[in-house]
Amino acid sequence: MTTDFFAAFAIGLLGAGHCLGMCGGIAAAITLGMPGQQQGQRFPFLLLYNAGRLASYATAGALIGGAVAGMASFSGISSALLYLRLCAALMMILLALYIGQWWQGITKIEFLGQSLWRRISPFAKSMLPLKSPIAAFPFGLIWGWLPCGLVYSTLSWAAVAGNAVSGAMVMLAFGLGTLPAMLLVGAMAERLNHWLSNHIFKKTSAFILMSYGIHTGYVAITQFS
């Protein structure tokens, strides 16, 4: 599981460009219209917003990790988790293709959550502008359910984590990987995104993730015999 946590963290970190594109605008918007505009006054809002977002990720990971483990135990089909492990390995490889900018199809799975998001997004919009840092936490809780290909892909790893706690930890590791990009706004975020968007860095990172996905798939296949 330690390697799964590291892989989930790496997905969050390496997907910073995608995160900034989807959530960066919201992270900046919550600092508008609030009392005081100094960076020190912004940080508590950003911190609690991201704490809420990570709490939602962990909740989703716990739900899917516990549900899948429970169904596998109830059915008595021990190979079920191995098949899911193969699916998770495939998702890792597809993520590597996305990060390496060789194939962008992974973003299409974001449509899976559009129906739920249409129902809950009005609650998030009604909270703006945020009046206090405490209000940023429930705002982040809602925003954590935004349809995201990276989140859904990492959930496939949470599904095969073995139990609810491990599933939550996998998603928490992913969320922690996104924090550097999400806590920084303005010029500092642009510098981080420029570094993570470096051609050599992205290709190298993609090869590392792909190698891990292939290795995971191979190990799962060997356990069928």
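The values are calculated or read from the model by the stated rules, or taken from the named source; none is laboratory data. On a predicted model such as this, the values are computed, not experimentally measured, just so you know. So basically every Cβ, Gly included, is an ideal-geometry build from the backbone, and we count neighbours across all protein chains shown. The protein model used for the area step is the full one, side chains on, heavy atoms only, and it has no ligands, DNA or RNA in it. Shrake-Rupley method; radii C 1.70, N 1.55, O 1.52, S 1.80 Å.
Given K131, K203, which one is among the basic types (K, R) and under 27 Å from R118 (Cα atoms)?
Exactly one residue qualifies, and that residue is K131.
State the number of residues belonging to region 70-100 that are free of Cβ contacts under 8 Å to residues at least 60 places away in the same chain, over 18 Å from the mean Cα position of the chain (by Cα) and crowded, with 16+ Cβ neighbours inside 10 Å.
2
Please give the number of the condition S115 fails out of (1) in contact with a Lys or Arg (Cβ under 9 Å, 6 or more places away or on another chain); (2) of a type in the set (S, T, N, Q); (3) surrounded by fewer than 16 Cβ atoms within 10 Å (Cβ to Cβ).
Exception for S115: condition (1).
For residues that are surrounded by fewer than 17 Cβ atoms within 10 Å (Cβ to Cβ) and hydrophobic (A, V, I, L, M, F, W, C), tally how many sit in region 128-147.
Residues meeting the conditions: 2.
What number of residues within region 94-106 satisfy the criterion of being of a type in the set (A, V, I, L, M, F, W, C) and part of a loop (DSSP other than H, G, I, E, B)?
2
Within region 101-112, how many residues turn out to be without any contact (Cβ under 8 Å) to a residue 24 or more places away in the chain and of a type outside the set (S, T, N, Q)?
Total satisfying the criteria: 2.
Can we say L150 is touching a His at 6+ places or on another chain (Cβ under 7 Å) and either aliphatic (A, V, I, L, M) or at positive phi (or both)?
Yes.
Table: residues versus (1) touching a Gly at 6+ places or on another chain (Cβ under 7 Å); (2) among the hydrophobic types (A, V, I, L, M, F, W, C); (3) free of Cβ contacts under 8 Å to residues at least 40 places away in the same chain.
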position	(1), (2), (3)
K131	no, no, no
I134	no, yes, no
P147	yes, no, yes
V170	yes, yes, no
L176	yes, yes, no
L179	no, yes, no
W195	no, yes, yes
K202	yes, no, no
I221	no, yes, no
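Kindly indicate the residue of region 40-59 that is small (G, A, S) and more than 15 Å from Y152 (Cα to Cα) and also modelled with the lowest pLDDT among those meeting that condition.
That would be G40.
Output the residue which, of all residues in region 148-187 that are farther than 22 Å from A80 by Cα, of a type outside the set (A, V, I, L, M) and open to solvent by 10 Å² or more (accessible area, probe 1.4 Å), is modelled with the lowest pLDDT.
Filtering first and then ranking leaves G186.
Only one of G12, G33 is modelled with pLDDT under 90 and more than 13 Å from the chain's Cα centre (by Cα); which?
Being modelled with pLDDT under 90 and more than 13 Å from the chain's Cα centre (by Cα) holds for just one of G12, G33, which is G33.
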